[in-house]
Every structure is written in structure tokens, then in C-alpha cells.
1. Could you tell me whether any residue of the stretch 464-478 is of a type outside the set (Val, Ile, Thr), open to solvent by 50 Å² or more (accessible area, probe 1.4 Å) and at pLDDT 95 or above?
2. Just one of Leu211, Leu205, Leu237 is open to solvent by 60 Å² or more (accessible area, probe 1.4 Å) and either free of Cβ contacts under 8 Å to residues at least 24 places away in the same chain or assigned to a helix (DSSP H, G or I) (or both); which is it?
3. Quick test for you: out of Glu445, Glu437, pick the one residue that is surrounded by fewer than 19 Cβ atoms within 10 Å (Cβ to Cβ) and either of a type outside the set (Asp, Glu) or in a helix (DSSP H, G or I) (or both).
4. Any chance the stretch 163-172 includes a residue that's at pLDDT below 90, within 16 Å of Ile55 (Cα to Cα) and not in a helix (DSSP H, G or I)?
5. Given the conditions (1) part of a helix (DSSP H, G or I); (2) closer than 21 Å to Glu147 by Cα, which single one is not true for Phe249?
6. Collect the residues in the stretch 494-546 that are under 27 Å from Leu425 (Cβ atoms), open to solvent by 50 Å² or more (accessible area, probe 1.4 Å) and assigned to a loop (DSSP other than H, G, I, E, B), keeping them in residue-number order.
7. Consider Leu410 carefully, then state whether it is in contact (Cβ under 8 Å) with a residue 12 or more places away in the chain and either surrounded by 23 or more Cβ atoms within 10 Å (Cβ to Cβ) or more than 30 Å from Gly513 (Cα to Cα) (or both).
8. Yes or no: Ala333 buried (at least 23 other Cβ atoms within 10 Å of the Cβ) and more than 17 Å from Glu134 (Cα to Cα)?
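The values are calculated or read from the model by the stated rules, or taken from the named source; none is laboratory data. These numbers come from a predicted model, not from an experiment. Using ideal geometry, Cβ is built from the backbone for each residue, glycine included, and neighbour counts are taken over all protein chains shown. Surface accessibility is based on the protein's heavy atoms, side chains included, excluding ligands, DNA and RNA. Shrake-Rupley method; radii C 1.70, N 1.55, O 1.52, S 1.80 Å.
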Amino acid sequence: MSQQPTPSHRAEIDGLRAIAVLAVVFYHFGLPGVSGGFVGVDVFFVLSGFLIGGILWREKIATGRLALGQFYLRRIRRLAPAYVAMSVAVLVVGWFALLPNDFRETAKGVIAATVYLSNVLFFRQSGYFDGAAEDKVLLHTWSLSVEEQFYVFLPLVFLVLGRSRRAMVIGFAVLFVASLLTSIPMTARSQPAAFYLFPFRAWELLAGVLLAIWGIETRSMYRSKSWVSYLGMALVLSAVVLIEPGNAFPGWQAIFPVLGTVFLIANGRHDNWINRILSMRVPVMIGLISYSLYLWHWPVFTLSTYVQGDYAGPGEAALWISVSVVLAALSWAFIEQPVRRAKSLGAGAIFGGAAVASILLLGAAGYVFRADGINGRFGPQADIHINATGDFLQDFSRCTIAKDGAFAGLEVCPIGPEGRPPEILIWGDSHVRAMYEGLAQAADEHDRAALVIWSAGCAPAFDLAKQESAATAAQDAACTAANAQIRDGLASMRDIRTVLLIGRWTYYATGAGTGIDAHNTIKLHSDMYPDLPQSEVLGHALRDTVREISGRDLFVYILEQPPEVASYSAPSVARGLAHGRLTPDQATTLSAIGRADAENRAASAQAAVVQSGGNILGTWDQFCDAFLCDAVIENTGQYFDNNHLTNAAARRIRAVLEPVFDRGLND
């Protein structure tokens, strides 16, 4: 086999790295005009595939084997030092800045990132009660985990198919097509999976690998026509400017930045103004520090906004971007470069040092996680809201996806005595989850077996379709399908005697959230009532649902939605108190709402619930006096956000559930 030349340094690739990292940084810091700046990660994926794929392909065809030890040694030299420094800094600053729940979750992120699984962690956390992205200090490491999984996957493909160049090329091409063709439909079905998980992102890295193989096999000079570079840059910049964040990405939209990057690399040595600009000193320098800048910018953003709140404007954002650049330059100069250039550090020292650093990092993060984020660091006033922040995790250990029977494919959660068929069906949306601990305790106290089924943003009523801003079209359709399945399942569940409906009725009646979640919207549709206002559609749907269930000789109860405390968020109030942005009096104001205001907000929903004809279980007296409704009662937080109860509140008000669980009232 002929010896392949080692490629010389390509300055324009560093310039392309600069575009990628600046797009991500500007997007994260909220600068205008870069709504799709997150596609910078897609550019990085193609670049990584091209560079790493090229290295391994040259080595394989030149020597017939892969020196995996040297490969991973280079990866550790390149990636580990700056990552460890960033993670240590995050844990140190987190001690002073982060509330216990957030500190615990950050420690979990450090653990996951250190073992190359943070993308899986954040995929699993992408549910309804997941914290806002700005609270996840290690969120950006998801893409690093995808790349690190690629570093395991790519050599395996070489080893499995390495007897034949043709087999390797075909194998990579098949994997590329398979990943792309599964990523697009997966975006509609489960956008978090398509976004975070390696199998659905592999095609982007493989695009770079295939380009590298093409270049080596054809001995390409990476020099074609000027228009190739112009088109490539147009695709990348258009993606940065025009793509919107949301449930439609990655899907087919990711093709544009990936294809643009392929064009730019493929024509990178052509003498045109795009390549000349990319090869200039400033873009190249930014490209050289791009890894460190990517590592440091997100913790700078999350921790600064965590402590002080949102930036006052682009000027302040630019200041913090400058801080990120300075940290990145220092990280590159004093951490990355010394380790990469230290010839005295042999393989044993590098592997051993990485192992020791990882163990110490895992130990420190593990301690924080096991200590539940270490309470007691911010004083008693903040602790009320800190405790409410952490009091929304329920014990779902008995929940399973039903494999067969009436509810096959749905997640079902039995409560009460084990081993008995359920006598009560509890059906609803995320407010069921918020009430879960109270429901489970009531079931145990009354020795009644019950089955809980819930789906976020899904009103428990038959013959309704919805369009929700916080859900994908597939999730909207799944809600309607699940409710239809529950309707059919009830007919075959002979032991069910009672049904309890729980929902955020005000959201469904008004079509929008309130206060801190006013941006969330939902539209309800019913073929049976196409021209009615939404609150009346809800009322008619609840009425028809109650009538149908009652017609099966079942008791039907509806839990009145507790009042919404529009401006309250336990994490936000806790953070404000902890960092001096709120006084105790201001926190008290945010933690309450006038009863008249709450009643005005709930009026159409209350009318719909009354119209249903179900047995209504009142809750308002548990939270309100004649004038105010409170999110804090007797120094205990009752709400996690402006509409979901804490576990403490769910247990406290469980007496309102007495009619549901009292056997004498429902036999």
C-alpha cells in the first residue's frame, strides 16, 4: 500500500471553527440575529468527523491496523485537561452560587459528562418537570459526549470492516443513510431523542468521515470552484440566522448546516475571499481556542444569570462574552497547550493522570449528589422555597409501561395495596403527578387499590384534540390516542368502581398559562362542538365524558384545580433570596395572589367543571382565606411553580380525596 501524505495544517478549518463557536456563544448569550446559532454544534460534528475520520483512514490504509492506544492518548491530551479544569471550577463556584437542588443536578451532570453520558442524562431529563436549560450548568457537554461516543464507535467500525476498503466505505455510507433517515422521523416522534442521542446525530459526523475518505482516495486538493465555498457559507449562515429553536430541530433542517460545512471543507484550499477571510489571524485564533471557549462560555452564562438574573441588554451580554473569551484564552494557553506540548509526559502519565483526575472529579461530584446538594448554605428564609424546589420528585418505582391488557403501551402507576385489581382509576395531566404522593398516601390509608394514568398537557376528556405550544404534533396526537384507549379500557376493567379526573382546568379553558408561564398556549378542538369558545368546548367534553363513564354505573369525581399563584416559582424566589435580589417582603408578595384575581382567572374553568356534572372535590379553602391565596403555609412551600403543588401540599390536602377512597361512599 502506498504511503499517504500527512495533511498540512488548514487555517480555514480553524476559521470555520470560529464561525461555529461564535454562533453557539452568540445564541446562548441571547444576541439578536442568531436564532439558529445552536447549529454551530452541527458544524463541529462535521469537522470532527472529517479530522478524526481522516486520521484513522490514513493510518488504516498505510499500516493495515489502528494504533488505538495512541489514538485515545491524543484524544485525552486534547480534551481532558480543559474539561477537568472547567468541571472543578463549576463545582467550586456552585458551592457558593447554586441552590441545593441545582447543585445536586450539576454534580450529576459532572458525573455523566466524565463518563461520556451527559447526552443520555439530558435526554432522560427532557420531560415536563425538567429545569430550564439555563439552570443546567453542564448542559453543553451533551455534544462532547456525542463526540466521545463517536470516538468509540468509529474505531469499532474500522475493526469490524477493516479487511476491505470497499467494505468500510459501503459500511460508512450505509450507517450515514440509516442515521439520517431515522433522525428525521424521530424528530417528530421524540425530538429530545433525535437531538441528544448519538444514533440520530451520527450521520453528521459520518458526513465528515465520508468527505475525508473521498479526499484521501481521490487525492483531492480540496480546490474546486468559488461557488462551492459561496454556497457552503450561504447554507451555514442561513442556518444560523433563519432556523428557529424548537421541536422541529434537528430533523431535515440539520441538513443545511451539515451540507454547508461539507462544501466549505471540500473547497477549503481554493483561493477565494471566503477562504482568505477564514484563514485570517483573528478567525484562526478564535478557532484555536474554540474548544476552551465552548467549554467555558456556558458555565459563565448560566452561573452569571443564575446569580444576578437576566442580562440588562446586549451590552452586558457582550461583557460576559468577553469574560468567556478571556477564560478560554487562559485555558488554551496554560492548560491545553502545555499538556499537548509536554513531550516528557508519556502514555502512562497521561492515562494515569486522566484516571486519577476522573476519580477525584467523580468522588467530589458524587459527594455533592449524595448529600442532596448540601442544604443550609443560604439561610432559613430561602430554605422555605429551596425545600419547595426539591419537593416535586415522586416515587414512581411501581410505575410501568403496560405490555398487554386494556392499557397496553401506556404508563400506569398502581397505588395502594399490592396484588389487588384496581378499584379506582385516577386519570389526568401533570397535576396528577403533582398530587401523586397525596393520592398514594390516601390509597394506603383506606386500603384501596387504584391505578394512576397521566400525561402532561393532556386534558382527561374524550373526543378532544389539542395543539400545544410546548408539545410536538406527535405528542398532541398521542394524547388523543391515549384518551381513546382509556375510554375502551374502562369497558373491560370490571373492578373499577370510581374514576377521578384531575387537570389544570384553567389552562384548558383559557388556552394559555398565566404569569410566569403565560407564553404556554393550548388549543382544544372537538368535532362535536366545532364553533364553540374553548371554555365551552372543555365544558361539553367534560360533561360528555362524565355522562359516558357514569353510564357504566361508575362514580365520577373531579378535583377542583387549586388556585394559580401567577407570579410564583419556588426556584426563582429561592434564588432571589439566596443572592440578595429579593427581600423577604418581596418574596412574600410573589408567594401570594389576591383571591379575587385568582377567581377571575379560574372563572371559565370553574364553569366548565360545574357543567360536567361530576362530583367536585373543592381545594381552594386549603390555600385561601377570604382575601389571599398563599403558596407558603405555616413556613412550608405548597407550590413548585405557579400551578403545580409540592408533595407536602399534596399530602396535606389529601383529606379532600376522602369521598374517592372511602369504600362506604362508592359501593
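1. yes
2. Working: Leu211 fails: open to solvent by 60 Å² or more (accessible area, probe 1.4 Å); Leu205 fails: open to solvent by 60 Å² or more (accessible area, probe 1.4 Å).
Just one listed residue meets the conditions, Leu237.
3. Values: Glu437 fails: surrounded by fewer than 19 Cβ atoms within 10 Å (Cβ to Cβ).
So the residue among Glu445, Glu437 that is surrounded by fewer than 19 Cβ atoms within 10 Å (Cβ to Cβ) and either of a type outside the set (Asp, Glu) or in a helix (DSSP H, G or I) (or both) is Glu445.
4. No, the conditions are met nowhere in the stretch 163-172.
5. So Phe249 meets the others, but not (1).
6. Arg494, Asp495, Arg497, Asp527, Met528
7. Details: in contact (Cβ under 8 Å) with a residue 12 or more places away in the chain: yes; either surrounded by 23 or more Cβ atoms within 10 Å (Cβ to Cβ) or more than 30 Å from Gly513 (Cα to Cα) (or both): no.
No; evaluated as a whole, the condition is false for this residue.
8. Details: buried (at least 23 other Cβ atoms within 10 Å of the Cβ): no; more than 17 Å from Glu134 (Cα to Cα): yes.
No.
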